[in-house]
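Report on one structure; see the data block that follows.
The values are calculated or read from the model by the stated rules, or taken from the named source; none is laboratory data. Small disclaimer: the values here were computed from a predicted structure and weren't measured. Every residue, glycine among them, receives a Cβ derived from its backbone with ideal geometry; neighbour counts consider all protein chains shown. For accessibility, only protein heavy atoms count, side chains too; no ligands or nucleic acids. Shrake-Rupley method; radii C 1.70, N 1.55, O 1.52, S 1.80 Å.
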Amino acid sequence: MAHPLQLGFQDAASPVMEELLHFHDHALMIVFLISTLVLYIIVAMVSTTLTNKYLLDSQEIEIIWTVLPAVILILIALPSLRILYLMDEINDPHLTIKAMGHQWYWSYEYTDYEDLGFDSYMIPTQDLNPGQFRLLEADHRMVIPAESPIRVLVSAEDVLHSWAVPALGVKMDAVPGRLNQTAFIASRPGVFYGQCSEICGANHSFMPIVVEAVPLEHFENWSSLMLEDN
């Protein structure tokens, strides 16, 4: 969960998000070193009137400032490609959930069960209980078992939406007539919040996503109760 004045990302709750945080720190350090070098060169050029005739026409320096940026780009591109392939990997999911975007709420269908599905609406501010978050809490959470591979099929019924949960490193567009899929593993129990990340209309900011990861036995009890209610 993000908090006021937070500068960095939310704490990672999935292996993919941990990799994304490591890549962010890796790229940020490279940018910091490049910025420091450029700033030093600018200060040196402005603060001195001396020139070196060997530096004005040096083939070795031209080779260095051509090869060095290429090496830096490779150091950024290779980890990025690795994470891209990791994010697309879906290995034997234990549970499949279909998330359908509507104007302006989400509906979830647990496809491994015969009749388990529900709509998830934002709780109005006046109905919130103490401790619940304004504009982020939903009346029905998407409950999943922790430490289990989860596949989410994402689509939309009317306009473009986007199913995104930052702590899990998940963001998938919901396109009408198209079925996209993504996968994640919640590495610990907890409640993780997200929102629609595609401008989908007047109430775009009022369709939150709440994912609750619980131990497997608790998930089985919850699914049994939901099936009995249906």
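For the chain, the longest principal axis of the alpha carbon atoms and the long axis of helix 15-47 meet at an angle near 30°.
If the Kirkwood radius is taken over C-alpha pairs of region 60-108, then at 25 °C and 0.890 mPa s the Stokes-Einstein diffusion coefficient equals 163 µm²/s.
Between SER35 and LEU5, the modelled labels are 2.1 nm apart [label points 7 Å from Cα along Cα→Cβ]. Whole angstrom only: what separates the Cα centroid of region 161-184 from the Cα centroid of region 1-74? Result: 32 Å between the Cα centres. Largest GNM mean-square fluctuation among ASP57, ASP25, ASP173, using the chain with Cα springs under 10 Å: ASP57.
Across all directions of projection, what mean area in square nanometres is found for the Cα convex hull of region 1-128? Each step should come with its number before you reach the end.
Details: hull surface 60.0 nm².
Quarter of the Cα hull surface area: 15.0 nm².
Just checking the listed ones, VAL67, VAL214, VAL16: in the Gaussian network model of the chain with Cα springs under 10 Å, the one fluctuating most is VAL67. Would you mind getting me the FRET efficiency between SER205 and GLN132? Use the beta-carbon distance for r and R0 = 25 Å, nearest 0.05. Result of the calculation: an efficiency of 0.90. Taking every pair of alpha-carbon atoms in region 1-63, what share in percent sits in each 5 Å bin, from 0 to the bin with the longest distance? Percent of pairs per bin, in order: 3, 13, 12, 14, 14, 9, 8, 7, 8, 7, 4, 0. Using a simple spin-label model with pseudo-atoms 7 Å out from Cα toward Cβ, ARG188 and SER107 lie 3.6 nm apart. Between LEU179 and LEU216, the simple label model (points 7 Å from Cα in the Cβ direction) yields a spacing of 2.6 nm. In the chain, the DSSP-assigned H stretches of four residues or longer account for a calculated mean residue ellipticity at 222 nm of -12000 deg cm²/dmol, using -39500 (n - 2.57) per stretch and the full residue count as denominator. The length gained on full extension between SER47 and ASP139, counted as 0.36 nm times the residue separation minus their Cα-Cα distance, comes to 26.8 nm. Taking a ≥ b ≥ c as the square roots of the eigenvalues of the Cα gyration tensor, the chain is classed as prolate, since a/c reaches at least 1.5 and a/b is larger than b/c. Here the accessible area of the chain is 61 percent carbon and sulfur, with a 1.4 angstrom probe and all protein chains present. Placing a label point 7 Å from the Cα of SER80 along the Cα-to-Cβ line, the residues of region 1-40 whose backbone N sits under 17 Å from it are 19-35.
For the chain, with every protein chain kept in place, what is the accessible area per residue (1.4 Å probe, Å²)?
That works out to 63 Å² per residue.
Just to make sure I understand: if all protein chains stay in place, what is the order of LEU168, LEU68 by accessible area at 1.4 Å, largest first? Working shown, then result.
Numbers: LEU168 0, LEU68 90 Å².
Heavy-atom accessible area, descending, gives LEU68, LEU168.
When the convex hull of the Cα atoms of region 95-229 is projected onto a plane and the area is averaged over all directions, what value comes out in nm²? Result: 8.0 nm². Taken about its Cα centre, region 15-88 carries a charge dipole of roughly 200 debye when the Cβ of each Lys and Arg holds +1 and the Cβ of each Asp and Glu holds -1.
In the Gaussian network model of the chain, springs joining C-alpha atoms below 10 Å, which of VAL43, VAL31, VAL170 carries the largest mean-square fluctuation? Comparing VAL43, VAL31, VAL170 in the GNM, the peak value goes to VAL43.
If R0 is 35 Å, what FRET efficiency do you get for VAL67 and GLU89 from their C-beta distance, rounded to 0.05? Before the final figure, lay out each step's value.
Values: r = 33 Å, r/R0 = 0.95.
Efficiency, from the Cβ-Cβ distance: 0.55.
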